1. In what order do 319, 56 fall by count of nearby beta-carbon atoms within 10 Å, going from fewest to most?
2. Report the extension gain between residue 270 and residue 39 in nm, rounded to one decimal, defined as 0.36 nm multiplied by the number of residues separating them, less their alpha carbon distance.
3. Which FRET efficiency value, to the nearest 0.05, is calculated for residue 141 and residue 303 with the Förster distance at 45 angstrom and r the Cβ-Cβ distance?
4. Normalising by the residue count of the stretch 9-178, find the relative contact order in percent from Cα pairs under 8 Å and 6+ residues apart.
5. What is the extension gain from residue 335 to residue 153, computed as 0.36 nm multiplied by their sequence separation minus the C-alpha to C-alpha distance, in nm to one decimal?
6. Please list, short to long, the whole-number percent of alpha-carbon pairs of the stretch 97-197 in consecutive 5 angstrom bins beginning at zero.
7. Say each of residue 285 and residue 73 gets a label point 7 Å from the Cα, pointing the same way as Cα to Cβ; how far apart are those two points in nm?
8. Against the longest alpha carbon principal axis of the chain, how many degrees, from 0 to 90 and to the nearest 10, is the axis of helix 38-57 turned?
């Protein structure tokens, strides 16, 4: 059975990787749509459109039948993603962007595979280039097909990772992402990030740069000229007292100390809120968890008063060791 490195995921995008230890000689090459032969180009286009239509119809069963064996054997992530977005995507047509063909040569897993696609200039990427960076990638040929969901209730992209098995292109990964949150796109967040930066509100600026970056890229392992520019502009802006790279930071609140693991903007209807995740040993006592979360929210806003200007409210998510969480929302006007 061919192992695969991607599973279905939704926004916020989370990918699941199979880990491998063997590292051997390899070569990674990439072809853009214009580089491909007509047979390959047509096959990728047809497969991408076919799987997109299955996603829109909510036909998880058909998707599973057309998935690579390792993904079909544990299809719960993709099935949940399809179900979650079925209503939002209902009636959409898929408008395909230029596809990419990734060829990972060799016989053993590649610890860090990098694919440079398209034409690069003296300053790096161009409007038609892309870079894909993947860890622990089994050898094989992979297709990246990204479609814009035309007529979706919220502008979205549906990204398909396909793997060639024989002459067929099988489903190996699914990513569905909104390109707007709370009615705002990447450009809006970038503009406001620059305003916050100019005012010296670096915490707000870093959070808005983060959202601008997330919205502009349909895949977490893909970079383009636009994402590179954003990275260069925001590089070094990340506050040291924010959690980053999986490293928690501590915040004292209500006589206790909490370990914050994530901070990110999140939309609730038309409101843009700030979500904070923190470690909790137990969330079974919901009354106590609620009180803890309220104390944490108040301490967070007291420490970073500038976030009152940038967010309508704060959501605290207490996450227990099993991964279950309990959420508490306070509107900013209720935080005294």
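Throughout, read-outs are computed from the coordinates displayed, never taken from laboratory work. Computed from a prediction, not measured in an experiment: that's the story for all the values here. Note that each Cβ is placed from the backbone with ideal geometry, even for glycine, and that neighbours are counted across all protein chains shown.
1. On the way: 319 17, 56 22.
Listing 319, 56 from fewest to most nearby Cβ atoms yields 319, 56.
2. The residue 270-residue 39 span can extend by a further 78.7 nm.
3. 0.35
4. The normalised contact order for the stretch 9-178 reaches 30 percent.
5. Values: separation 182, 0.36 × 182 = 65.52 nm, distance 3.25 nm.
Roughly 62.3 nm would be gained on extension.
6. 3, 10, 15, 17, 18, 16, 11, 6, 3, 1, 0
7. About 4.3 nm separates the two model spin labels.
8. So the helix axis and the longest Cα principal axis differ by about 40 degrees.
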